[in-house]
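Take this structure first; my questions come after.
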Amino acid sequence: MNPALIVGVVAGSIMSGTSLLYATLGEVVGERAGIVNLGLEGIMLIGAASGFAATALTGSPYLGIVAAALAGAAANMIFAYLVVGRHANQLATGLSLMFFGIGMSALIGRPFVGVLITGLPRLPVPGFAPGEVGARLLSYDILVYLAAPVSLFTWWLIFRTRWGLGLRTVGESPAAAFAAGLNPQKLQYQALTFAGALGGIAGAHISVALTLTWAEGMTAGRGFIAIALVIFAKWNPLWAIAGALLFGGVEGLQLQLQAAGADVSPFVMNMTPYLLTLLVLIVWGWSRQSVAPAALGRNFVGVE
Amino acid sequence: MRLDGATLWACASARAKGFAFVTAAALGVFATLLVAAGKDPLEAYIDTLTYVFGNAYGFSELLVRMIPLMLTAVAAALPARIGLINVGAEGQLYMGAWLATAGALALPDLPAFVLLPLLTLLGFVGGGLWALVAGVLRALRLVNETISTLLLNYIAPLIVSYFIFGPWRSPETASYPQSPAFVEAARLPTFFHSRVHFGLVYALASLVLYWLVMTRTRIGLDMRAIGGNPEAAQRLGIPIIRYILTVMFIAGGVAGLAGMAEVTAIQGRLVSELSPGYGFIGFLVSWLAGSSAAGIVTMSFLFALISSVGDILQITQGVPYAVVNILMAVILFIVLGRHSVGSVAR
Amino acid sequence: MTRSRMIAAICLLVLGLVAAGPVVAQDKPPLIVGAIYVGSVNDYGYNRSMKDGLEAMKKAIPGLKLIEAENVPETAESERVMEGMVQQGAKLIFATSFGHQQFAFNVAKNHPDVVFEHAGGWMQAPNFGNFFGATQAAWYPMGVAAGKMTRSNTLGFVVGVPIGYAIGNVNAFEMGARSVNPKAETRVVVTGGWSDKAKEAAAANALIDQGADVVTMHVDSPATIIQVAEGRSMSSIGFQSVEARELAPKHWITGLGFTWGPFMTETAKSVIAGTFKPAMVREGLGQMMTIAPFGPEVPANVRQLVTASGDRIEKGFNPFTGPVTDNTGAVKIAAGESWGGDKMGNFDWYVEGVIGKAK
């Protein structure tokens, strides 16, 4: 186990995990309000395409990220209107949103395939000479540096503010929230706007920071990994950090192992996030822990 | 309840009119998008109709697309009747394909009339067992089936990839990761010279059986009782656990048949990209159809037609095929936005 | 039906016919050619090279009509797309990605009057031919360039799918590097697919983390890997399309590109003349392949070496001449033996100096 490998794995998992973390945080907020969004994959794709397009058009990756957040939030409003305003089935609406995102992102991204952009610059933490281990490990784009603070902020938002209390109440029992004088619908819309913005940013990180390209379907199922990650993290933004590193690390780990000469099956490794989540769920089910918001999905969780 | 012809017709035509409106509205929204992108939607729509209805190949491809959709829709509809949500048809399809491939590769010397029924059985069992995992977890009250079937969806294709990159890697095309080609005897027959294959029979049989069971048997009655009010059903002595397990197994099995048909009829081997989301689209088809057998046929037809629009857009207008998903989504959005549809469990 | 509705219906019908009219009234082109790409033509890579070749063919035959479809997956879906092109009147179809072979073959069976050319396979039929660049030997001069330009003596190679041909490319690369730099080693990372941008970025980063200062690849599009390398100030060698050098203005060394144009033009002409004969065409440097221009950091003596090496290959030098040992020490090509073009798909071992498992 050479040190370069360890450095590489950690660096790799931080890079891959960042977009997962943003997506997970958004979904946590939404689910805390009682809404499960299976269309997260679609939101991420729209964010990736819009972010890339905006960066290509304006030349500024920062504007690109902002555009991605706006696009993600806007797309999620379609979902919000249907689910909150019209009381539509959350699963069906979520899946429809996923398909919408696949198609919309293809349409938006098409003129920009192959366009070269200046991606989010990597900002090294000062104090390391180039080539040193420290320089390699601590040189990331701004979204990576912001990931942990945003998680903390989300945690604070959910658990330490009035708004967050209202949110959690709605997620446990909309009726109780209503009786307490809150406006469940307004809170849910707000939650979904926040979730949409974060989902868009998550997608944009992949196109504008990691790969500097746009290709159809480039999120490759990360939206669903994020949904699994929400459960794995027990709907808690702080645990989400650990989970994102872990799940993000899985992908990077097998590539780093290869580069170091070891032999590992990429497919078995890629299964681990899902298997882990399933395992965790079984353990909770066994111990009768009920950690999910009670009114999540209105019949999504909660057997009886 | 006695359903006479007049009532049925009134019901059906009311729904049809409602749906025609929805489709027209969606086509309009999609057309606006296309125009904004500088394309010609009228030409695309006309081309699609000529292609699908004026052309034997176009029409046969429509049927080819409908087959897996109808199967995965039944896979979602059946559990829906007892209040279970199965979004795992995608994974069940892959596992059906996987087990069928195992059989095809292990027994190449059997004659077709023995091999094909065997492969069909394997396909059914493969998908069924995969769904059963979720069923068991639900029956034991450990994990909600929506989430477990969703997670299993992503594990199944990885298992398939592992095998085609590893133990089942085709030596003759060591150049390309896929299983060896199936022998002629393992190929599901097609009709005439099109790609419409025997899977159509599986799909129609599944639908007919589904309809018969749900409307004409005691089992169907029990199932609807469970779906309506599980506690009351339990008090009436209906063995819920047994139903959960059986229904999930059968539902997964039907989806597994879709996978088996894909590898034995269309692909002729196991490959890593078997399904462009048939499992999810099937779920949506079933949901739109209110889990009714006739509705499933209609909705599958509609979605297959939409896919054809995508083909035409790609070939004649240079629009990526993926864009057609917008049309599909808009139809769904409009339906979702109107009053609640059908009787899918909550 | 009321009168106003009838009038409306007739108007719609007329509108429809009018819309269809221009399509019918066009001049008949000498040939309609269809092409399916597995990815996007703007990939600075494989698909771009195919597109460039087809455009060259179009220019060479005035009036020729080209129907294209991008992002056509290597599944049964592709049959549908090719059928659609045949319905549109295509008489020559280029199936440009390896995975399209069986499906192109199926469509060819149903349409004996349409000619199909597949890139990278081996199947043949009276109306089905095969073509590709003989890439393996061409990688040797790339290795020479890398071996000379590396300071860390670690080279990085990202492979999409570890097929025999790709492994052969890596082998020729390492052998070329070793021929000018006995200490050069090549580390290989496999992403598992021909086009997965996120994995390619992670793979490139992993190789650089492990010390590689020259990175190259065999994936559909070199864009992501080159951009990652350039972003980290590492050198890159491109593959598939020479246009990739635009992505690395500072640290580009050189690259390999395909020049499909002449072959495609010839094929189209033969189809028009009715003289098409199916064949398995494999051409290397000087014909279907070319060495890309050098980047600004490459000194004159290196350029000379690489060009000379390329000339040698063109003139027939075969780097796969024994004795050749693999990276476990076993002799894989005995002294006096030579592995020719027909064996290029058989590589399941890496040469000495390559760090990786070919399985």
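Can you list the helices (runs of 4 or more DSSP H) found entirely within the range B:1-106 that contain at least 2 residues being charged (D, E, K, R) and more than 17 Å from the chain's Cα centre (by Cα)?
Hits in the range B:1-106: B:5-36, B:41-53.
Please go through the range B:123-132 and give me each residue that is buried (at least 24 other Cβ atoms within 10 Å of the Cβ) and over 17 Å from the mean Cα position of the chain (by Cα), ordered by number.
Just the residues of the range B:123-132 that are buried (at least 24 other Cβ atoms within 10 Å of the Cβ), to begin with: B:123-124, B:126-128, B:130-131.
The answer is none; no residue qualifies.
Could you tell me which of the residues C:Val271, C:Val306 is within 30 Å of C:Lys65 (Cα to Cα) and of a type in the set (A, V, I, L, M)? Walk me through how you get there before you give the answer.
On the way: C:Val306 fails: within 30 Å of C:Lys65 (Cα to Cα).
Of the residues listed, the single one that is within 30 Å of C:Lys65 (Cα to Cα) and of a type in the set (A, V, I, L, M) is C:Val271.
Filter the range C:180-218 down to the residues that are charged (D, E, K, R) and within 9 Å of chain A (Cβ to nearest Cβ) and list them by number. Steps first, answer last, please.
Here is the first cut: in the range C:180-218, the ones charged (D, E, K, R) are C:183, C:185, C:187, C:196-197, C:199-200, C:209, C:213.
Across the range C:180-218, the qualifying residues are C:Arg187, C:Asp196, C:Lys197, C:Lys199, C:Glu200, C:Asp209.
If you don't mind, there's one more thing I want to ask. Taking the condition of being surrounded by fewer than 19 Cβ atoms within 10 Å (Cβ to Cβ), modelled with pLDDT under 95 and either touching a Pro at 6+ places or on another chain (Cβ under 9 Å) or among the charged types (D, E, K, R) (or both), how many residues in the range A:141-156 meet it?
1
Within the range C:54-102, how many residues are out of contact with any strand residue (DSSP E or B) (no Cβ under 7 Å at 6 or more places or on another chain), of a type in the set (A, V, I, L, M) and more than 11 Å from every other protein chain (Cβ to nearest Cβ)?
4
Can you tell me how many residues in the range B:178-201 are farther than 15 Å from B:Trp168 by Cβ, modelled with pLDDT of 80 or more and not hydrophobic (A, V, I, L, M, F, W, C)?
Selection size over the range B:178-201: 7.
Something else: Within the range C:31-41, can one find any residue that is in a strand (DSSP E or B) and surrounded by fewer than 22 Cβ atoms within 10 Å (Cβ to Cβ)?
Here is the first cut: in the range C:31-41, the residues in a strand (DSSP E or B) are C:32-36.
Now restrict to residues that are surrounded by fewer than 22 Cβ atoms within 10 Å (Cβ to Cβ): C:32.
The answer is yes; a qualifying residue exists.
Mind telling me which of the residues C:Pro262, C:Pro249, C:Pro299 ends up being under 18 Å from the mean Cα position of the chain (by Cα) and surrounded by fewer than 18 Cβ atoms within 10 Å (Cβ to Cβ)?
Numbers: C:Pro249 fails: under 18 Å from the mean Cα position of the chain (by Cα); C:Pro299 fails: under 18 Å from the mean Cα position of the chain (by Cα).
The unique qualifying residue is C:Pro262.
Checking A:Ala106 against (1) within 7 Å of chain B (Cβ to nearest Cβ); (2) under 30 Å from B:Asn144 (Cβ atoms), which single condition isn't satisfied?
All conditions pass for A:Ala106, except number (2).
What number goes with the only condition from (1) modelled with pLDDT under 90; (2) in a loop (DSSP other than H, G, I, E, B); (3) within 14 Å of the chain's Cα centre (by Cα); (4) closer than 22 Å to A:Ala292 by Cβ that A:Phe224 does not pass?
Result: A:Phe224 fails condition (2) only.
Just to be sure I understand the filter: pairs with C-beta atoms under 8 Å, separated by 6 or more residues or on different chains, first member in the range C:250-263 and within 13 Å of C:Arg282 (Cα to Cα), second member in a loop (DSSP other than H, G, I, E, B) and small (Gly, Ala, Ser). Which pairs pass?
Pairs that qualify, where the first residue is within 13 Å of C:Arg282 (Cα to Cα) and the partner is in a loop (DSSP other than H, G, I, E, B) and small (Gly, Ala, Ser), are C:Phe258/C:Ser241.
Okay, moving on. What number goes with the only condition from (1) of a type outside the set (Phe, Trp, Tyr); (2) over 25 Å from A:Leu157 (Cα atoms); (3) surrounded by fewer than 24 Cβ atoms within 10 Å (Cβ to Cβ) that A:Val84 does not pass?
All conditions are met except number (2).
Could you figure out which of (1) under 30 Å from C:Thr307 (Cβ atoms); (2) in contact with a Phe, Trp or Tyr (Cβ under 6 Å, 6 or more places away or on another chain) isn't true of C:Glu117?
Checking C:Glu117 against (1) under 30 Å from C:Thr307 (Cβ atoms); (2) in contact with a Phe, Trp or Tyr (Cβ under 6 Å, 6 or more places away or on another chain), the one that fails is (1).
Related question: Only one of (1) surrounded by fewer than 16 Cβ atoms within 10 Å (Cβ to Cβ); (2) of a type outside the set (D, E, K, R); (3) under 23 Å from the mean Cα position of the chain (by Cα); (4) part of a loop (DSSP other than H, G, I, E, B) fails for B:Leu204. Which number is that?
With (1) surrounded by fewer than 16 Cβ atoms within 10 Å (Cβ to Cβ); (2) of a type outside the set (D, E, K, R); (3) under 23 Å from the mean Cα position of the chain (by Cα); (4) part of a loop (DSSP other than H, G, I, E, B) applied to B:Leu204, the lone miss is (4).
Pick from B:Gly279, B:Gly253: which is out of contact with any Gly (no Cβ under 6 Å at 6 or more places or on another chain) and crowded, with 24+ Cβ neighbours inside 10 Å?
Working: B:Gly253 fails: out of contact with any Gly (no Cβ under 6 Å at 6 or more places or on another chain).
Checking each option against the conditions leaves just B:Gly279.
How do the pairs read when you match residues in the range B:262-280 that are more than 9 Å from chain C (Cβ to nearest Cβ) and closer than 16 Å to B:Arg65 by Cβ with residues anywhere that are assigned to a loop (DSSP other than H, G, I, E, B) and of a type outside the set (Lys, Arg), using Cβ under 6 Å and keeping only pairs 6 or more apart or on different chains?
B:Ala265/B:Leu188
Please give the number of the condition A:Thr219 fails out of (1) part of a helix (DSSP H, G or I); (2) within 12 Å of chain C (Cβ to nearest Cβ); (3) over 16 Å from A:Ala148 (Cα atoms).
Of (1) part of a helix (DSSP H, G or I); (2) within 12 Å of chain C (Cβ to nearest Cβ); (3) over 16 Å from A:Ala148 (Cα atoms), only one is false for A:Thr219: (1).
Also, quick follow-up: In the range B:138-167, what residues are within 22 Å of B:Gly282 (Cα to Cα), without any contact (Cβ under 8 Å) to a residue 12 or more places away in the chain and part of a helix (DSSP H, G or I)?
Across the range B:138-167, the qualifying residues are B:Ile147, B:Leu151, B:Leu158.
Say we look at the range B:144-171 and pick out the residues that are of a type in the set (Val, Ile, Thr) and closer than 17 Å to B:Ala251 by Cβ; which of these is farthest from the other protein chains (Cβ to nearest Cβ)? Give the derivation first.
First pass over the range B:144-171, keeping only residues of a type in the set (Val, Ile, Thr): B:146-147, B:149, B:155, B:159-160, B:164.
Right, trim to closer than 17 Å to B:Ala251 by Cβ and you get B:146-147, B:149.
Numbers: B:Thr146: 6, B:Ile147: 7, B:Thr149: 11 Å.
Restricting to residues being of a type in the set (Val, Ile, Thr) and closer than 17 Å to B:Ala251 by Cβ, the top hit is B:Thr149.
Would you mind finding the one in A:Leu95, A:Leu138, A:Leu116, A:Leu123 that is more than 10 Å from chain C (Cβ to nearest Cβ), surrounded by fewer than 24 Cβ atoms within 10 Å (Cβ to Cβ) and at pLDDT 75 or above?
Values: A:Leu95 fails: surrounded by fewer than 24 Cβ atoms within 10 Å (Cβ to Cβ); A:Leu138 fails: at pLDDT 75 or above; A:Leu116 fails: more than 10 Å from chain C (Cβ to nearest Cβ).
A:Leu123 is the lone residue from the list that is more than 10 Å from chain C (Cβ to nearest Cβ), surrounded by fewer than 24 Cβ atoms within 10 Å (Cβ to Cβ) and at pLDDT 75 or above.
If I ask for residues that are away from chain C (no Cβ under 13 Å), among the hydrophobic types (A, V, I, L, M, F, W, C) and in contact with a Gly (Cβ under 9 Å, 6 or more places away or on another chain), which ones from the range A:236-257 would you list?
As a first pass, look at the range A:236-257 and keep what is away from chain C (no Cβ under 13 Å): A:236-247.
Remaining after also requiring among the hydrophobic types (A, V, I, L, M, F, W, C): A:238-242, A:244-247.
Those that are away from chain C (no Cβ under 13 Å), among the hydrophobic types (A, V, I, L, M, F, W, C) and in contact with a Gly (Cβ under 9 Å, 6 or more places away or on another chain): A:Ile241, A:Ala244, A:Leu245, A:Leu246, A:Phe247.
For C:Thr135, state whether it is more than 14 Å from chain A (Cβ to nearest Cβ), among the hydroxyl-bearing types (Ser, Thr, Tyr), buried (at least 22 other Cβ atoms within 10 Å of the Cβ) and touching a strand residue (DSSP E or B) at 6+ places or on another chain (Cβ under 9 Å). Spell out how you get there, then give the answer.
Working: more than 14 Å from chain A (Cβ to nearest Cβ): yes; among the hydroxyl-bearing types (Ser, Thr, Tyr): yes; buried (at least 22 other Cβ atoms within 10 Å of the Cβ): yes; touching a strand residue (DSSP E or B) at 6+ places or on another chain (Cβ under 9 Å): yes.
Yes.
The values are calculated or read from the model by the stated rules, or taken from the named source; none is laboratory data. All values reported here derive from a predicted model rather than from experimental measurement. Cβ atoms come from the backbone with ideal geometry, glycine included; neighbour counts cover every protein chain shown.
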